[in-house]
1. Scan the range 87-110 residue by residue and report those that are surrounded by 10 or more Cβ atoms within 10 Å (Cβ to Cβ) and outside any helix (DSSP H, G or I).
2. Any residue at all in the range 344-357 that is among the hydrophobic types (A, V, I, L, M, F, W, C), exposed (fewer than 10 other Cβ atoms within 10 Å of the Cβ) and assigned to a helix (DSSP H, G or I)?
3. From 363, 392, 378, which residue is charged (D, E, K, R), closer than 30 Å to residue 9 by Cβ and at pLDDT below 85?
4. Can you tell me which residue in the range 123-141 is modelled with the lowest pLDDT, limited to those that are among the hydrophobic types (A, V, I, L, M, F, W, C) and either within 30 Å of the chain's Cα centre (by Cα) or surrounded by 10 or more Cβ atoms within 10 Å (Cβ to Cβ) (or both)?
5. Could you say which residue among 13, 8, 32, 84 is surrounded by 10 or more Cβ atoms within 10 Å (Cβ to Cβ), within 30 Å of residue 395 (Cβ to Cβ), of a type in the set (A, V, I, L, M, F, W, C) and at pLDDT 85 or above?
6. Suppose we filter 69, 6, 55 for residues that are part of a loop (DSSP other than H, G, I, E, B) and among the polar types (S, T, N, Q); which single one remains?
Amino acid sequence: MTAEKTAAEAEEARKREEEAEEQRKLDSKELAGESIRRELAEKEAAEIVPEVDDTDGLDVEAEFEEWRTRELARLLREKQAQAAKDEEKEEIERRRAMPEEQRLKEDMEFAARTREKEKGQMGFLQKYYHKGAFHQDDNLLNRDYTGATESAVDMTLLPKVMQVRDFGKASRTKYTHLADQDTSQGGWGAALRLPPGAQTTGEGCWNCGGPHLRKDCPNNNVNDPNLIGGMVIPGVSGTGVGASGANTSALGSGSRTWGSGRDDRDGRDRGYSDRVRDRDDGRRRDEGRERRYDGERQGERDDRRRDRDRDYGRDRDRERERERDRDRDRDYRRDRDRDRNRYDRERDYARDRDRRRDSPGRKRERDDRDRDYERGEKRRRDDGDRDREREKERRDRRDRDRLRYD
């Protein structure tokens, strides 16, 4: 059995040696072919001769004329550039020597000449390119940039409702330009200005009708005996001019003339009519005063309503801010509690892991595992040593067999 195994191993070794020999032959052939190809490439590269431009000197006169033309053009360019520099320097010196008024006059004339340049007429709501402020010396920027773009549409052919910017969008505006707006009537803020002496609704004194408020009325003294309906009437009190009555009549001898009773009755009737008329006038004046007072009260109610709405909106915004702050605090506390719980879990897990690792059972397991690992390492080393010894014995046996057969 051992002899057969030895013979089989020898046969395998011989086959491997033959295969290695064949591979060495192939590698040698490949190296030889590569060397031959490299030599051929070097030979071909050495045989390539670069072509030299040897057309110079075929027509000396024509070449001289071409050079002469180029040289004259170069001299002309240099002369023109120097002349332009000299002219610019002379212009600078001339303007420096000029008075300020004459220099300003020339500047205005130059500005007027530049404004005389004909500009293109822009279309209605036309889109155009912006020229910008940089690289103005380039000839490319001398074009008329007020011309219409390639995708321009004649807006005048569209319906009136579509002659606006961004038609169909929620952000479009109803205004196009100032040319179609009537700005000739009044002026800025004319709608807020009132003519002299004019009063708005709810303004003015309802006591006397003057151009002031009721609290500033000079006729607010209701105890004045000469005040009737907010008007001071002289002679109304007992000591005034034109006063009449039983207490103010002169005392007589007790005799009365014929017809004096009728005159007294007529006087009483006229006095009653005057009192009725005054009462009606006072009632109408009071009604007008009440209407004006109602207007003032309505205005005050409107002011209170506006203040209440403003306060409600302010309170609502403040409440929303407080709700947002509460939500933010609640989210912060929730995140903080979540982080704290996560930290506690990780800490407990680490503590339990350390406790389990330091337990006697786990320590024994680690010791057993380390012992098994060391035992396995030793076994692997021993196996390796045995394999090396066997391989050495096999090589020695093969060498002996080769020497024996040879």
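1. Selection gives 98 alone.
2. No - not one qualifying residue is present in the range 344-357.
3. 378
4. The residue in question is 141.
5. Of the residues listed, the single one that is surrounded by 10 or more Cβ atoms within 10 Å (Cβ to Cβ), within 30 Å of residue 395 (Cβ to Cβ), of a type in the set (A, V, I, L, M, F, W, C) and at pLDDT 85 or above is 13.
6. 55
The values are calculated or read from the model by the stated rules, or taken from the named source; none is laboratory data. Keep in mind it's a predicted model, so treat the numbers as computed, not measured. Because the Cβ atoms are built from the backbone with ideal geometry, glycine has one as well, and the counts that use them run over all protein chains shown.
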